[in-house]
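S.K.: Following this message is one structure expressed as structure tokens.
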Amino acid sequence: MLRPQSTSTRELLNLDGLWDFKVDFNGEGFNQNWASKALDTKLQAPVPASYNDLFTDTAIRNHVGWVFYQRTVRVPRGFAGERINVRVDSATHEGIVFVDGTEVARHVGGYMPFSADITDHVKAGEEFNLTIAVNNILTNETIPPGRIAVGDNGVKQQTYLHDFYNYAGLARSIWIFSVPAVHVQDVTVKTGFDGSTGKVAYEVATSTAAEVRVTLIDEDGKQVATGTGATGELTVANVKLWQPGAAYLYELKIEALVGGQVADEYLLNVGVRTVEVRGNQFLINNEPFYFTGFGMHEDHVVKGKGHDNSFLVNDFELLKWVGANSFRTSHYPYAEEVMDYADRHGIVIIDETAAVGLNQNFSGMFGGPKLPTFGPETGNEKTQASLLQAVRELIQRDKNHPSVVLWSITNEAETGIQEAVDFFKPAFDLARELDSRPVTYINVMTEPFGRCMVAPLADVICLNRYWGWYEDHSDLENAAIHFEAELKGWTEKYSVPFIITEYGADTLAGGHSIHNLPWSEEYQTAYLDMSHGVFDKFPAVVGEHVWNFADFQTKPGIFRVLGNKKGAFTRDRQPKAAAHTLRSRWTTLNNRKPSAK
Ligand code: GCB
């Protein structure tokens, strides 16, 4: 799905701002047709933002079900004669869009965009009533999965098997945009190079038959290659590569022509780079790449998962300051603005679906009955179909980002049983059918190398390990021994690169201990030093992502003290001592392991 944009042939109107907002406490919003008239409410909610932390009313925060957002929109006069569309960058977890009370779009999956052609429902120059109903419910058939329980007090409760809080609402932008009747519908680029000659293979889909012309423009605005036809390969002399930490972006201008006249123009940023797994190395542009960085979250005070460009810039500034060259979109796809910014600033991304919590072994910790992870009431064919949809939509949305180097299918699923292979193999196959990037999954500590059956499906094995925290708590000497023994086992069994995608210790900023007691800043730094000492012994370990970049909000009712405190930064982005420890290690690594230098 192409991001809407404003070009010489396209108009774009952003609908961010305060919307009328009403919580459907009694489940009557659809029966009473709330979308067909002005919402009877005094509440307003900002878009983009999760709604949960905005209000003082606890019932809103804890609501399980639908909420309604509404505003009037005047269609700009300049949209006249064009196809008019509405686009929702995300609605967590299900969204239904109504134009003057008529449903025009519906989508399940809380972190993906969807759009609808509303030309037949609106008129340029006139107003219409736009309502978006949003549902936060997670079931065994959604990704991520969850379960609704009803307490003895008769109140519905949402449970789920991941620790981050289930923020909901319209956390990303809403747009209307116009495209000409004949327009560019999709474009896929694949890049490579041979010596100093770059290659940009492209494939363009148009709404109806049209001629296609493409032009590649460098950062100085100079045209460096042109092509015609819906598919082709452009050659770029003296190519400037997209490099981690040193991004270079060309602009690909794609034109759809009818009778020699330009009907539509679309612009795409293109970074020329290659990604390859060779033996136990991860190569970017044929050079071994060592991942330094974090698992992150879209998480901020008040806005929850609401996208905000100020926080975006500041988070990337902190990544740069600490020497991080990469991050993982744990545990769901992030806003498209984040992906674009990473492209522009040379930050490498492991791009993850929202398939987190497919593991009933965690039900003890998170609450809920202990059921089999895969079965009629839990992960079934419908869940699997949702996972495949998640993989398809992720790749469809993010395939052209040079920053994305690896697809992550799932985080910490149960993988030691044959049902897991049956469940996940189609998702690996689909990712490989849709794209050429390597594919990974994130292995949980309870599925070690002797047990996990999904590992053979992966091009890269990612390990989340908490030696010294959940195991060998406060005992770093034994943690080091066990960590090393485990990595030895994995790296002897599988000849692939390994990335430690989580390791971390909860830490109270300002907590100190001369004895390195857990939760102190001293313990967090000692824990990191211990872990790094272990990683450096293994050439096959090609990356380290600390859990987490910053402290974040968690599900109520689990063993967290006002949130997960494993951040190297606090929730308001101030450095703990660990951030300085990481900075001194990572700023000297320069994308390479010390042992590889
Ligand atoms: C994990 C999960 C992550 C949690 C983390 C923790 O293994 O992947 O979502 O937040 O552990 O802190 O327990």
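The values are calculated or read from the model by the stated rules, or taken from the named source; none is laboratory data. Since the model is a prediction, treat every value here as computed from it, not as a measurement. Neighbour counts are summed over all protein chains in view; Cβ atoms, including those assigned to glycine, are modelled from backbone coordinates with ideal geometry. When the accessible area is computed, the model is the full protein with side chains, heavy atoms only, and any ligands, DNA or RNA have been set aside. Shrake-Rupley method; radii C 1.70, N 1.55, O 1.52, S 1.80 Å.
S.K.: Pairs to check: K537/K566; K22/K123; K240/K303; K320/K537; K253/K382; K42/K399. Give those whose C-alpha atoms are more than 31 Å from each other in this structure.
M.R.: K240/K303; K253/K382; K42/K399
S.K.: So, one more: Say each of N33 and E127 gets a label point 7 Å from the Cα, pointing the same way as Cα to Cβ; how far apart are those two points in nm?
M.R.: Each label point lies 7 Å from its Cα, and together they span 2.0 nm.
S.K.: Still on this structure: Based on alpha-carbon centroids, what's the gap between the range 424-467 and the range 270-324 in Å, whole number please?
M.R.: Using only Cα atoms to place each centre, the spacing works out to 20 Å.
S.K.: If we sort 523-531, 350-358 on the protection proxy, mean other Cβ atoms within 10 Å, highest first, what's the order?
M.R.: So the order, starting with the most tightly packed, is 350-358, 523-531.
S.K.: Give or take rounding to whole Å, what are the principal axis extents of the alpha carbon atoms in the range 191-250, in descending order?
M.R.: Extents along the principal axes, in whole Å: 40, 23, 19.
S.K.: Okay, next question. Suppose accessible area is computed on protein heavy atoms with a 1.4 Å probe; arrange L517, L161, L319 from highest to lowest.
M.R.: L517, L161, L319
S.K.: Would you mind calculating the relative contact order of the chain from Cα pairs under 8 angstrom and at least 6 residues apart, reporting the percent as a whole number?
M.R.: 12
S.K.: Once each part is reduced to its C-alpha centroid, what is the distance from the range 470-528 to the range 165-203 in angstrom?
M.R.: Cα centres, the range 470-528 to the range 165-203: 39 Å.
S.K.: For the range 276-589, what is the percent of antiparallel DSSP beta bridges, rounded to the nearest 5?
M.R.: So the antiparallel bridges in the range 276-589 amount to around 20 percent.
S.K.: Choose one of V64, Y111, I137: the residue whose Cα lies farthest towards the positive end of the charge dipole of the range 11-179 (beta-carbon charges +1 Lys, Arg; -1 Asp, Glu; about the Cα centre).
M.R.: Selected residue: Y111.
S.K.: A follow-up question, please. How long are the semi-axes of the equivalent ellipsoid of the chain, taking √(5λ) for every eigenvalue λ of the Cα gyration tensor, in whole Å from largest down?
M.R.: Semi-axes (√(5λ), whole Å): 38, 32, 21.
S.K.: For the range 276-589, what mean projected area does the convex hull of the alpha carbons give, in nm²?
M.R.: 15.2
S.K.: What does DSSP give for the chain in terms of the percent of beta bridges that are antiparallel, rounded to the nearest 5?
M.R.: For the chain, the DSSP antiparallel bridge percentage is about 75.
S.K.: For the chain, what does -39500 (n - 2.57) per DSSP helix run (n ≥ 4), summed and divided by total residues, give at 222 nm, in deg cm²/dmol to the nearest 500?
M.R.: -6000 deg cm²/dmol
S.K.: Only Lys, Arg, Asp and Glu count, each charged at its Cβ (+1, +1, -1, -1), so figure out the dipole size of the range 243-339 about its Cα centre, rounded to 20 debye.
M.R.: Approximately 380 debye in magnitude.
S.K.: Quote to one decimal, in nm, the extra length available between E377 and H580 on full extension: 0.36 nm per residue of separation minus the C-alpha distance between them.
M.R.: Result: 68.4 nm gained on full extension.
S.K.: Put a dot 7 Å past each Cα toward the Cβ at R77 and Q261; how far apart are the dots in nm?
M.R.: Placing both labels 7 Å along Cα→Cβ, they lie 2.2 nm apart.
S.K.: Kindly report the accessible area of the range 11-179 per residue (heavy atoms of protein chains, probe 1.4 Å, no ligands, DNA or RNA), in Å².
M.R.: 40
S.K.: Rolling a 1.4 Å sphere over the protein heavy atoms, what is the accessible area per residue of the range 184-273, to the nearest Å²?
M.R.: Result: 45 Å² of accessible area for each residue.
S.K.: I need the semi-axes of the equivalent ellipsoid of the range 348-450: take the C-alpha gyration tensor, multiply each eigenvalue by 5, square-root it, list largest first in whole angstrom.
M.R.: Equivalent-ellipsoid dimensions as semi-axes: 25, 14, 12 Å.
S.K.: Can I ask one more? Out of L12, S178, V313, whose Cα points farthest toward the positive end of the dipole of the chain (charges: +1 Lys, Arg; -1 Asp, Glu; placed on Cβ)?
M.R.: V313
S.K.: Another question, if that's okay. Describe numerically, in nm with one decimal, the distance between label points set 7 Å from Cα along Cα→Cβ at T588 and at T231.
M.R.: 5.1
S.K.: Ok, one more. If one computes the Cα centroid of the range 356-392 and of the range 69-108, what distance in Å separates the two points?
M.R.: Here the answer is 32 Å between Cα centres.
S.K.: Taking a probe of 1.4 Å, how large is the accessible area per residue of the range 276-589, in Å²?
M.R.: I get 35 Å² per residue for this part.
S.K.: Under the Kirkwood approximation applied to all pairs of distinct alpha-carbon atoms, what is the hydrodynamic radius of the range 205-332 in Å?
M.R.: Result for the range 205-332, one decimal place: 18.0 Å.
S.K.: With all protein chains present, how much of the accessible area of the chain (probe radius 1.4 Å) comes from carbon and sulfur, to the nearest whole percent?
M.R.: About 50 percent, which is the carbon plus sulfur part of the accessible surface.
S.K.: Nearest 20 debye, what's the magnitude of the dipole of the chain about its Cα centre given +1 on Lys and Arg Cβ and -1 on Asp and Glu Cβ?
M.R.: Using only the charged Cβ atoms, the result is roughly 500 debye.
S.K.: So for the range 206-266, taking the charge dipole from beta-carbon charges (+1 Lys/Arg, -1 Asp/Glu), which of Y250, S207, T235 sits furthest toward the positive end?
M.R.: Result: T235, furthest along the dipole toward the positive end.
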